[in-house]
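Working notes, beginning with the structure itself.
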Amino acid sequence: MLYVALPIKDGDKIIGVSRISMFITDIDNLINSLRDKILVVILIVMIIALLFAFFFSRNLTRPIKQLVEVSRAVAHGDFDQKVVLKNNDELKLLGGSFNNMINEIKSLFTQVNNQKLELNNIIASIQEGLVVLDQLGKIVLCNQSFEKMTDVESLTGKFYWETVRDTKVATLVKKMGNSSTNLTSEIQIKDEYYLCSANQINSKKEIVLIFYNISDLKKLENIKRDFVVNVSHELRTPLTVIKGYIETIEDDIDKKNLKYIEIIKNHTNRLISIVQDLMTVSQLEDNHIKLNLTEFNIEKLFHDLNITFEQKVKSKNLNLVFIINDNIQIFQGDEFKIEQMFINLIENAIRYTEKGEIIVRAGVEGSFIKFEVSDTRIGIPDKDKERIFERFYTVDKSRSRQIAGTGLGLSIVKHIVLLHNGKICVKSVLNSGSTFIILFPII
Ligand code: ADP
């Protein structure tokens, strides 16, 4: 039993006691029934909470899921997808911005695609062959003209040397790796001639090659060269005959007319020199010219040159000196042409020097054999230095004619130097002298 007693008070005075008693079993029954009810209530509350949480979370994740799906589709290039959200909350704002972004990307992509299409059409319509190479020499892009040139289709991904076998292209591509300027070279693919121009796209280290077909120009050049050779050939015989007759009548002519004969003789000699030089230039310009390469002694060459010019040098009271440095003895090249090169340079030096000396030097500079021909007189103005190697270019026409030059001597020299893969340049100071420097790679 459970007893509970409570005092009954009147003010501070206890006037009685209230006593209640109950069986413990009844209390237990009451507590049990209460516990069951509490458990049922807790269960119901939990189920309601779980349902609420489930619906709440579903409502929250559905728009995020939609955003993820749409962004995935956009990433795969489907710009027609849209985010559609019902709830008017921050996620709907985000969805709106996302849709705007998709529209922007779509219009940018359309723009880029149109530009790409336009560029491809332009590249395809270019008559010149165009090819872009990556760093390894693989073709990244090429146009139809290039495919036509090589007679091979679907070249992308192949190495350029599988289709263009001219070694000059390989040299150009190799040089391009160390150069930032445009480089050009004349090449041949099948029976056609091309001017190949190489440029580097700096950002990607890719090389762009453009092939201009110059076959027609080459044909014209050949016709011109053949014409010059033929005309020179035809002129040579009558000129030699005229020269012979002049020399014959020279002895019998009276003094009064001798000066006219002298003028005719000078002009005939000049014409013969021009014809001879023209033939030499034309032969040197022939693409199929072959050098007769031999090893010859430089000292002997200088000795022969000294004998050739002995009289001329003496008559002008000049000094001609030959110096060999670095103990070089042998030179590999076309002996006849190298001799012709020195003859032209020494002839010029004598021609344009009234007083002083002409020095011919041979030596070594790095990986080159260096020849120098220097004189001590009139010099060449700066503005003419670059052009004197052109055909018929003369610094001062009246001066050159007086001294009986043809304007072809240095052009011949330059051709000979280039045929030997060499370089030529001139250093000159007016009225002090000129030095022609020639470098040939040591083979
Ligand atoms: P040219 O037969 O007229 O000498 P070149 O081709 O040999 O023709 O030379 C071209 C021009 O270069 C000449 O007209 C001359 O003015 C100049 N030149 C060549 N060599 C010399 C030199 N050693 N000194 C001064 N001028 C020179």
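The values are calculated or read from the model by the stated rules, or taken from the named source; none is laboratory data. It should be emphasised that the depicted structure is a prediction, and the values quoted were computed from it without experimental measurement. For neighbour counting, all protein chains shown are included, and Cβ atoms are generated from backbone atoms with ideal geometry for every residue, glycine included. With ligands, DNA and RNA removed, areas are computed over all heavy atoms of the protein, side chains included. Shrake-Rupley method; radii C 1.70, N 1.55, O 1.52, S 1.80 Å.
In the set 163, 184, which member is modelled with pLDDT of 85 or more and over 16 Å from the mean Cα position of the chain (by Cα)? Step through it out loud before you land on a result.
Numbers: 184 fails: over 16 Å from the mean Cα position of the chain (by Cα).
Step by step, each of 163, 184 is checked, and only 163 is modelled with pLDDT of 85 or more and over 16 Å from the mean Cα position of the chain (by Cα).
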Next item on the list: Among the residues of the stretch 274-298, write down those that are polar (S, T, N, Q) and modelled with pLDDT of 90 or more.
Entry: 276, 280, 292, 294, 297
Margin query: I'd like to check something: does the stretch 55-65 contain any residue that is in contact with a Leu (Cβ under 9 Å, 6 or more places away or on another chain), free of Cβ contacts under 8 Å to residues at least 12 places away in the same chain and outside any loop (DSSP other than H, G, I, E, B)?
Written below: yes
Note to self: Cβ-Cβ under 9 Å, sequence separation 6+ or interchain: first residue in the stretch 12-33 and under 10 Å from residue 2 (Cβ atoms) and in contact (Cβ under 8 Å) with a residue 12 or more places away in the chain, partner surrounded by 10 or more Cβ atoms within 10 Å (Cβ to Cβ) and among the aliphatic types (A, V, I, L, M). Which pairs?
What the structure shows: 20/2; 20/6; 21/2; 22/2; 23/2; 24/2; 27/2
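Please enumerate the residues belonging to the stretch 263-303 that are hydrophobic (A, V, I, L, M, F, W, C) and under 16 Å from residue 228 (Cβ atoms).
Going through the stretch 263-303, the residues hydrophobic (A, V, I, L, M, F, W, C) turn out to be 263-264, 271-272, 274-275, 278-279, 281, 284, 289, 291, 293, 296, 298, 301-302.
Scanning the stretch 263-303 gives 271, 272, 274, 275, 278, 279, 281, 284, 289.
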Note to self: Every residue in the stretch 54-81 that is open to solvent by less than 100 Å² (accessible area, probe 1.4 Å) and more than 47 Å from the chain's Cα centre (by Cα), please.
What the structure shows: 57, 59, 60, 61, 63, 64, 66, 67
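State yes or no: is residue 320 within 16 Å of the ligand (Cβ to nearest atom), modelled with pLDDT of 95 or more, surrounded by 13 or more Cβ atoms within 10 Å (Cβ to Cβ) and closer than 22 Å to residue 291 by Cα? Spell out the reasoning first.
Working: within 16 Å of the ligand (Cβ to nearest atom): yes; modelled with pLDDT of 95 or more: yes; surrounded by 13 or more Cβ atoms within 10 Å (Cβ to Cβ): yes; closer than 22 Å to residue 291 by Cα: no.
The answer is no for residue 320.
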Next item on the list: Output the number of residues of the stretch 124-160 satisfying the condition of being at negative phi, over 17 Å from the mean Cα position of the chain (by Cα) and open to solvent by 30 Å² or more (accessible area, probe 1.4 Å).
Entry: 12
Check: Is it true that residue 209 is of a type outside the set (Gly, Ala, Ser), surrounded by 17 or more Cβ atoms within 10 Å (Cβ to Cβ) and assigned to a strand (DSSP E or B)?
Finding: yes
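Of the residues 443, 438, 424, 412, only one is touching a residue at least 60 places away in the same chain (Cβ under 8 Å), assigned to a strand (DSSP E or B) and either open to solvent by 20 Å² or more (accessible area, probe 1.4 Å) or among the hydrophobic types (A, V, I, L, M, F, W, C) (or both); which? Spell out how you get there, then give the answer.
Details: 443 fails: assigned to a strand (DSSP E or B); 424 fails: touching a residue at least 60 places away in the same chain (Cβ under 8 Å); 412 fails: assigned to a strand (DSSP E or B).
Only one candidate passes the filter, namely 438.
Identify, from the list 306, 269, the residue that is in contact (Cβ under 8 Å) with a residue 60 or more places away in the chain, surrounded by 14 or more Cβ atoms within 10 Å (Cβ to Cβ), out of contact with any His (no Cβ under 7 Å at 6 or more places or on another chain) and among the polar types (S, T, N, Q).
Numbers: 306 fails: in contact (Cβ under 8 Å) with a residue 60 or more places away in the chain.
The match here is 269.
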Margin query: The conditions are (1) more than 27 Å from residue 282 (Cα to Cα); (2) touching a strand residue (DSSP E or B) at 6+ places or on another chain (Cβ under 9 Å); (3) open to solvent by less than 100 Å² (accessible area, probe 1.4 Å); (4) without any contact (Cβ under 8 Å) to a residue 60 or more places away in the chain, and residue 170 fails exactly one of them. Which is it?
Written below: (2)
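Condition test on residue 393, is it aromatic (Phe, Trp, Tyr), under 15 Å from residue 409 (Cβ atoms), open to solvent by 40 Å² or more (accessible area, probe 1.4 Å) and touching a residue at least 24 places away in the same chain (Cβ under 8 Å)?
On the way: aromatic (Phe, Trp, Tyr): yes; under 15 Å from residue 409 (Cβ atoms): yes; open to solvent by 40 Å² or more (accessible area, probe 1.4 Å): yes; touching a residue at least 24 places away in the same chain (Cβ under 8 Å): no.
Taking the combined requirement at face value, the residue does not satisfy it.
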Checklist line | In the stretch 402-425, the residues that are farther than 13 Å from residue 370 by Cα and of a type in the set (Val, Ile, Thr) | finding: 403, 406, 412, 413, 416
Check: When you scan the stretch 141-192, how many residues do you find that are in contact with a helix residue (DSSP H, G or I) (Cβ under 7 Å, 6 or more places away or on another chain), part of a helix (DSSP H, G or I) and of a type in the set (Gly, Ala, Ser)?
Finding: 1
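Say we look at the stretch 349-374 and pick out the residues that are touching a residue at least 60 places away in the same chain (Cβ under 8 Å) and within 11 Å of the ligand (Cβ to nearest atom); which of these is surrounded by the most Cβ atoms within 10 Å (Cβ to Cβ)? Before the answer, list the steps.
Step one: filter the stretch 349-374 for residues touching a residue at least 60 places away in the same chain (Cβ under 8 Å), giving 349, 352-353, 356, 362, 364-365, 367-374.
Checking which are within 11 Å of the ligand (Cβ to nearest atom) leaves us with 349, 352-353, 373-374.
Working: 349: 27, 352: 19, 353: 22, 373: 22, 374: 22.
Only one residue fits best here, namely 349.
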Margin query: Could you check the stretch 173-190 and list, in sequence order, the residues that are open to solvent by 30 Å² or more (accessible area, probe 1.4 Å) and touching a Ser or Thr at 6+ places or on another chain (Cβ under 8 Å)?
Written below: 182, 183, 184
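When you check residue 253 against the structure, is it surrounded by 12 or more Cβ atoms within 10 Å (Cβ to Cβ) and assigned to a loop (DSSP other than H, G, I, E, B), yes or no? Before the answer, list the steps.
Working: surrounded by 12 or more Cβ atoms within 10 Å (Cβ to Cβ): yes; assigned to a loop (DSSP other than H, G, I, E, B): yes.
It is true that residue 253 is surrounded by 12 or more Cβ atoms within 10 Å (Cβ to Cβ) and assigned to a loop (DSSP other than H, G, I, E, B).
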Item checked: Filtered residues of the stretch 173-186 (kept if over 14 Å from residue 136 (Cα atoms) and in contact (Cβ under 8 Å) with a residue 24 or more places away in the chain) -> 186
